[in-house]
Amino acid sequence: MLAYLETFGCQANERDSETIQGMLQQMGYEMTHEPSLAQLILFNTCSIREKAEQKVFSRLGTLKKLKEEKPGLIIGLCGCMAQEKDMIPQLRRRCPYVDLVIGTHRLHRLPAMIRNIQGGLGFQSDIAETCEIIEDLPAIRPFPFKALINITYGCNNFCTYCIVPYVRGRERSRSLEAILEESRRRVAEGALEIMYLGQNVNAYGRDLEDSRASFDRLLQEADKLDGLQRIRYMTSHPRDFKESMIDTIAASSKISHHFHLPVQSGSDTILQRMNRGYTRERYLELVHSIRNKIPNATLTTDIIVGFPGETEADFMDTLHLAETVVYDAAFTFMYSPRQGTPAASMPDQIPLKEKKERLHQLMETQAAISLKRHQAMQGQTVQVLAETYSSGILTGRSEGSQLVHFPGPENGAGKFYCVKITEPQTFLLKGEIL
Ligand code: SAH
Ligand code: SF4
Ligand code: F3S
């Protein structure tokens, strides 16, 4: 039996897809890259912006004919879209050939639901919200040298534009022991790098009774793991990034010197309406402290343009902030209203044309900054963990998470290389093995 799985969205979904594949393997499925060969097709979906959802609906549309030709084919939808309000009736109407909808809290029920469909019970859905954390589900890792490890699930921040707290539920931390145990196991299995995952990793542990469980503490313990070479994490919330965490990172040779600090906007009025919990000034203090303690830190960010009520002056504040911080890279988005979130019903929604213009202007400004930052790397040596190989070129990330391309051997992925930067570009660094 063959299964096809397509993953959209962020690392939370990537990690869930590892579990989905692990469960499918236990059921006797093998994975295929060709949907037309599969008896089971699953989409692990993302709701963050309207475009992400449109992509899934259009992919589902292409399956209608296949399902007519192969009535026994099972088509399922998991991930964040499954958890959206009124998604099931919408799906039943738009894509009645979907057999299965499973929410982000209920992954462990996937095998039972597939068996029910195979047994002729028809459409299955389970989108119940639970706070329970299910440990020890099987998983298949596409990159054994790189471990994605969840530390928290869900989010409590309710940034007013964001759908994640609604589709991923309340913030739940795994126990420190469970995380360290998984870390040890993965390192013993050959992982060289760990990526700790949470929507707000800096808040790790605050919902636990165990007062030792904090992000700081987790980093300090992971830093001691023999054989582990690099520790990364995603995502940080600037409001919860404490001085002590910067000190821990500065004192460690394993914890990445990459700081992804999503600022979202450079305007205090907009930050407040977004419910971000920090001011422009406080954010810049954090940046200053990081640069002070870790001079070679790389800084990246996420920015939304065209949030409701954003004036030209607000937008200029964002542009100037990007120029002040000098980010290595920025992920920039046009605000996309998400049904049920407070910002979607705020007055003064910004017309698409204006959003596009602002996005374009911001991207141009940032591209020039990124190129300049990268050009300063010319001739420098970075440590790269190669992740993929294609046509003679290895691709990986430096200790500062910069994307690096360099000629290397076909079986070269999964190893560290000393790479000298020879050709810096806007979005990547080209180099050669020293
Ligand atoms: N928990 C992380 C990631 C959230 S999603 C964090 O807080 O940073 C990744 C990014 O998508 C966000 O940082 C934000 O910039 C963007 N985003 C979220 N909701 C959005 C929306 N409704 N429209 C446009 N961009 C959005
Ligand atoms: Fe969304 Fe804000 Fe939570 Fe990030 S911190 S997931 S932007 S609500
Ligand atoms: Fe998307 Fe869900 Fe991640 S909405 S960004 S896949 S948490």
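The values are calculated or read from the model by the stated rules, or taken from the named source; none is laboratory data. Here the structure is a predicted model, which means the values were calculated and not measured. Here the Cβ positions follow ideal geometry from the backbone for every residue, glycine too, while neighbour counts run over all protein chains shown. When the accessible area is computed, the model is the full protein with side chains, heavy atoms only, and any ligands, DNA or RNA have been set aside. Shrake-Rupley method; radii C 1.70, N 1.55, O 1.52, S 1.80 Å.
Just for segment 82-99: of the residues that are part of a helix (DSSP H, G or I) and more than 16 Å from Leu110 (Cα to Cα), which one is most open to solvent (accessible area, probe 1.4 Å)? Give the derivation first.
Taking segment 82-99 and keeping what is part of a helix (DSSP H, G or I), we get 82-83, 87-94.
Next cut, more than 16 Å from Leu110 (Cα to Cα) only: 87-94.
On the way: Met87: 3, Ile88: 33, Pro89: 73, Gln90: 50, Leu91: 4, Arg92: 101, Arg93: 172, Arg94: 129 Å².
Ranking the candidates gives Arg93 first.
Check segment 283-296 and report whether any residue there is assigned by TED's automatic domain parsing to the domain that holds Glu323, away from ligand 2 (no atom under 16 Å from the Cβ) and touching a residue at least 60 places away in the same chain (Cβ under 8 Å). Reasoning before the result, please.
From segment 283-296, those assigned by TED's automatic domain parsing to the domain that holds Glu323 are 283-296; that's our starting set.
Still in the list and also away from ligand 2 (no atom under 16 Å from the Cβ): 284-285, 287-296.
From what is left, the residues that are touching a residue at least 60 places away in the same chain (Cβ under 8 Å) are 296.
So far as segment 283-296 goes, yes, one or more of its residues are assigned by TED's automatic domain parsing to the domain that holds Glu323, away from ligand 2 (no atom under 16 Å from the Cβ) and touching a residue at least 60 places away in the same chain (Cβ under 8 Å).
Only residues that are more than 20 Å from the chain's Cα centre (by Cα) and buried (at least 18 other Cβ atoms within 10 Å of the Cβ): list them for segment 219-247, please. Show your work before the answer.
To start, the set of residues in segment 219-247 that are more than 20 Å from the chain's Cα centre (by Cα) comprises 220-229, 242-247.
Selection gives Ala222, Leu225, Leu228, Met245, Ile246.
Given the residues Tyr196, Tyr161, which is the only one that is over 21 Å from Glu14 (Cβ atoms) and surrounded by 22 or more Cβ atoms within 10 Å (Cβ to Cβ)? Explain how you work it out, then say what you get.
Details: Tyr196 fails: over 21 Å from Glu14 (Cβ atoms).
Just a single option satisfies the conditions, and that option is Tyr161.
For Pro138, all conditions in the list (1) surrounded by 20 or more Cβ atoms within 10 Å (Cβ to Cβ); (2) away from ligand 3 (no atom under 16 Å from the Cβ); (3) of a type outside the set (A, V, I, L, M, F, W, C); (4) closer than 27 Å to Glu84 by Cα hold save one; what is the number of the exception?
Result: Pro138 fails condition (1) only.
Within segment 133-154, how many residues turn out to be in contact (Cβ under 8 Å) with a residue 12 or more places away in the chain and either part of a strand (DSSP E or B) or not hydrophobic (A, V, I, L, M, F, W, C) (or both)? Reasoning before the result, please.
We begin by selecting, within segment 133-154, every residue in contact (Cβ under 8 Å) with a residue 12 or more places away in the chain; these are 133-135, 137-154.
Those left that are additionally either part of a strand (DSSP E or B) or not hydrophobic (A, V, I, L, M, F, W, C) (or both): 135, 138, 141-142, 144, 146-150, 152-154.
Of the residues in segment 133-154, 13 are in contact (Cβ under 8 Å) with a residue 12 or more places away in the chain and either part of a strand (DSSP E or B) or not hydrophobic (A, V, I, L, M, F, W, C) (or both).
Answer yes if at least one residue in segment 24-41 is open to solvent by 50 Å² or more (accessible area, probe 1.4 Å) and either within 16 Å of ligand 2 (Cβ to nearest atom) or in contact with a Gly (Cβ under 8 Å, 6 or more places away or on another chain) (or both), and no otherwise.
Looking only at segment 24-41, we keep the residues that are open to solvent by 50 Å² or more (accessible area, probe 1.4 Å), and these are 25-26, 30-31, 33-34, 36-37, 39.
Add one more test, that the residue is either within 16 Å of ligand 2 (Cβ to nearest atom) or in contact with a Gly (Cβ under 8 Å, 6 or more places away or on another chain) (or both), and what stays is 39.
Yes, because at least one residue in segment 24-41 is open to solvent by 50 Å² or more (accessible area, probe 1.4 Å) and either within 16 Å of ligand 2 (Cβ to nearest atom) or in contact with a Gly (Cβ under 8 Å, 6 or more places away or on another chain) (or both).
Quick grid of which residues meet (1) within 16 Å of ligand 2 (Cβ to nearest atom); (2) crowded, with 18+ Cβ neighbours inside 10 Å; (3) not assigned by TED's automatic domain parsing to the domain that holds Arg186:
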| site | (1), (2), (3) |
| --- | --- |
| Cys80 | yes, yes, yes |
| Gln118 | no, no, yes |
| Ile133 | no, no, yes |
| Ile149 | no, yes, no |
| Tyr153 | yes, yes, no |
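Which of (1) away from ligand 2 (no atom under 16 Å from the Cβ); (2) more than 29 Å from Phe215 (Cα to Cα) is the odd one out, the single condition Glu84 does not satisfy?
All conditions are met except number (1).
For (1) of a type outside the set (A, V, I, L, M, F, W, C); (2) out of contact with any Ser or Thr (no Cβ under 6 Å at 6 or more places or on another chain); (3) open to solvent by 70 Å² or more (accessible area, probe 1.4 Å); (4) closer than 24 Å to Gly227 by Cα, each residue gets a yes or a no:
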site: Arg338; (1), (2), (3), (4): yes, yes, no, no
site: Ile369; (1), (2), (3), (4): no, yes, no, no
site: Thr388; (1), (2), (3), (4): yes, no, no, yes
site: Gly396; (1), (2), (3), (4): yes, yes, no, yes
site: Gln425; (1), (2), (3), (4): yes, yes, no, no
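Name the strands (runs of 3 or more DSSP E) wholly within segment 380-434 that hold at least 3 residues that are closer than 20 Å to Pro144 by Cα? Don't jump to the end; show me each part of the working.
On the way: elements: 381-390, 393-397, 403-407, 416-424, 429-433.
In segment 380-434, 381-390, 393-397 are the strands (runs of 3 or more DSSP E) which contain 3 or more residues that are closer than 20 Å to Pro144 by Cα.
Out of (1) part of a loop (DSSP other than H, G, I, E, B); (2) in contact with a strand residue (DSSP E or B) (Cβ under 8 Å, 6 or more places away or on another chain); (3) within 16 Å of ligand 3 (Cβ to nearest atom), the odd one out for Pro337 is which?
Looking at each condition in turn, Pro337 falls short on (2).
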